[in-house]
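The values are calculated or read from the model by the stated rules, or taken from the named source; none is laboratory data. Everything numeric here is computed off the predicted structure, so don't read it as measured data. Positions of Cβ are generated from backbone atoms using ideal geometry, with glycine treated the same way; all protein chains shown enter the neighbour counts. Note: areas computed on protein heavy atoms with side chains; ligands, DNA, RNA excluded. Shrake-Rupley method; radii C 1.70, N 1.55, O 1.52, S 1.80 Å.
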Amino acid sequence: MIRVNGVPLHLVEPQTLRVKVLEPILLLGESRFSKVDFKIRVHGGGYVSQIYAVRQAIAKGIIAFYQKYVDEASKRQIKEMILAYDRSLLVADPRRKEPKKYGGPGARARRQKSYR
């Protein structure tokens, strides 16, 4: 059973992005998830970034489970399958908001000069 913020996975909102959350399960097959229960808590960001964080947590969690409780060969096989499908399931996006600096309204934007 996989729950996201206390809600079962098949009821995750928004409905259009629910397929993205189910990608690791559909890719690996439900039989590999039969021994595992996930409770995922996510906050911050927007809907889409939370969905991507949940799918990454599921993929990383199943790999960690297979490494610790099953065997290294099956863990390596699962990891290769996931990486061949989509690298973002295991590797986080490192982009963050750049901090605002003095002299302008944002990180890079500056006040324009009119030369008059």
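Along the axis of the charge dipole computed for the chain (Cβ charges of +1 for Lys and Arg, -1 for Asp and Glu, origin at the Cα centre), the listed residues Phe65, Gly104, Val12 are led at the positive end by Gly104. Between helix 72-85 and the chain there is an angle of about 50 degrees, using the helix long axis and the longest principal axis of the Cα atoms. Normalising the average separation of contacting C-alpha pairs (under 8 angstrom, six or more residues apart) by the number of residues puts the relative contact order of the chain at 21 percent.
Principal-axis analysis of the Cα atoms of the chain puts helix 18-28 at an angle of about 40° to the longest axis.
Quantify, in whole percent, the carbon and sulfur part of the accessible surface of the chain (1.4 Å probe; protein heavy atoms only). Of the solvent-accessible surface of the chain, carbon and sulfur hold 54 percent. For region 26-70, count all C-alpha to C-alpha pairs, find those more than 14 Å apart, and express that count as a whole percent of the total. Summing the P(r) tail past 14 Å for region 26-70 gives 54 percent.
Under a point-charge model restricted to the Cβ atoms of Lys and Arg (+1) and Asp and Glu (-1), what is the dipole moment magnitude of region 1-57 relative to its Cα centre, in debye to the nearest 20? Roughly 120 debye for region 1-57. With a cut-off of 19 Å on the backbone N, the residues of region 23-42 near the modelled label site 7 Å out from Leu11 along Cα-Cβ are 37-42. For the chain, the pair-distance distribution built from all alpha carbon pairs, in bins 5 Å wide starting at 0, is 2, 10, 18, 19, 14, 10, 6, 5, 5, 4, 3, 2, 1, 1, 0 percent. Helical content alone sets the calculated 222 nm signal of the chain at -13500 deg cm²/dmol, taking -39,500 (n - 2.57) per DSSP H segment of four or more residues and averaging over every residue. Cα centroids of region 1-57 and region 64-105: 15 Å apart.
Heavy atoms of the protein chains alone define the surface here; on that basis region 1-100 has 68 Å² accessible area per residue at 1.4 Å probe size.
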